[in-house]
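> Below is one structure. I have some questions about it.
The values are calculated or read from the model by the stated rules, or taken from the named source; none is laboratory data. What you are looking at is a predicted structure, and each value in this text was computed from that prediction instead of being measured. Quick reminder, even Gly has a Cβ in these numbers, built from the backbone with ideal geometry, and neighbours come from all protein chains shown. For accessibility, only protein heavy atoms count, side chains too; no ligands or nucleic acids. Shrake-Rupley method; radii C 1.70, N 1.55, O 1.52, S 1.80 Å.
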Amino acid sequence: MEQLRRLYNTHVKLLAFDLLSLTQTPSHSPSDPISFSRRGTFFFRAETVGTITSRELKPNKFLKFTVDDGTGCIVCVLWLNHLVSPYFSRCSPPSVRLIAQMASRFAAEVRLGVVARVRGRITSYRGAVQITVSDVVVERDPNVETLHWLECMSLASKCYDVRPS
């Protein structure tokens, strides 16, 4: 169980190839989140960096976009329905408005051809892995993708793929 909780609230840095090769583990109860694993390590949240190669906006519903990091393409979904969603009805209205404003700002920053850092929950839709976005940062440093690749490889060998003894 410790192995399951070790990276629970951590946005693990993964390449698209690694995200797309995760194994989905079904939840045992409706309250348990669906989890994804690789070589025995469970992941719930992820961070990826790449070029935005597609963008589909459904106003006041969601923004679906694709991030290409050179190893593959990851579908990302940014929900924009916070003000009308029953999920957020139990939250305080000022908090929901703030979340909705942030989501709208993130959506405006997601443009074709920009390099972005995307963080969020690893989810599945119709059997395909995707990221349900919590935040997006447009990167200005031309070396950020290379640095992300190096960090992903280092973390995989030193942290994610290490078996407990």
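> Name every residue in the range 37-51 that is hydrophobic (A, V, I, L, M, F, W, C) and outside any strand (DSSP E or B), in order of residue number.
Matches in the range 37-51: 44 only.
> So which residues in the range 51-70 are within 14 Å of residue 19 (Cβ to Cβ) and surrounded by fewer than 18 Cβ atoms within 10 Å (Cβ to Cβ), if there are any at all?
68, 70, listed by residue number.
> Just to be sure I understand, how many residues within the range 99-123 are in contact (Cβ under 8 Å) with a residue 24 or more places away in the chain and either surrounded by 14 or more Cβ atoms within 10 Å (Cβ to Cβ) or of a type in the set (Val, Ile, Thr) (or both)?
So the count comes out to 16.
> Same structure again: Step by step: first the residues of the range 124-152, then only those that are closer than 24 Å to residue 82 by Cα and among the charged types (D, E, K, R), then the one that is surrounded by the fewest Cβ atoms within 10 Å (Cβ to Cβ). Which residue is that?
Among residues in the range 124-152 that are closer than 24 Å to residue 82 by Cα and among the charged types (D, E, K, R), the one surrounded by the fewest Cβ atoms within 10 Å (Cβ to Cβ) is 126.
> Please enumerate the residues belonging to the range 113-128 that are part of a loop (DSSP other than H, G, I, E, B) and within 17 Å of residue 37 (Cα to Cα).
Start the filter on the range 113-128 by keeping residues that are part of a loop (DSSP other than H, G, I, E, B), which leaves 113-114, 126-127.
Selection gives 127 alone.
> Within the range 57-76, restricting attention to residues that are part of a strand (DSSP E or B) and under 15 Å from residue 138 (Cα atoms), which residue is farthest from the chain's Cα centre (by Cα)?
So the residue we want is 68.
Quick grid of which residues meet (1) at pLDDT 95 or above; (2) under 30 Å from residue 143 (Cβ atoms); (3) among the hydrophobic types (A, V, I, L, M, F, W, C):
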position: 5; (1), (2), (3): no, no, no
position: 11; (1), (2), (3): no, yes, no
position: 17; (1), (2), (3): no, yes, yes
position: 32; (1), (2), (3): no, no, no
position: 38; (1), (2), (3): no, yes, no
position: 44; (1), (2), (3): no, yes, yes
position: 55; (1), (2), (3): yes, yes, no
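> I'm told residue 48 meets every condition in (1) open to solvent by less than 50 Å² (accessible area, probe 1.4 Å); (2) over 23 Å from residue 146 (Cβ atoms); (3) in contact with a helix residue (DSSP H, G or I) (Cβ under 9 Å, 6 or more places away or on another chain) except one. Can you identify the failing condition by its number?
Just one mismatch for residue 48, condition (2).
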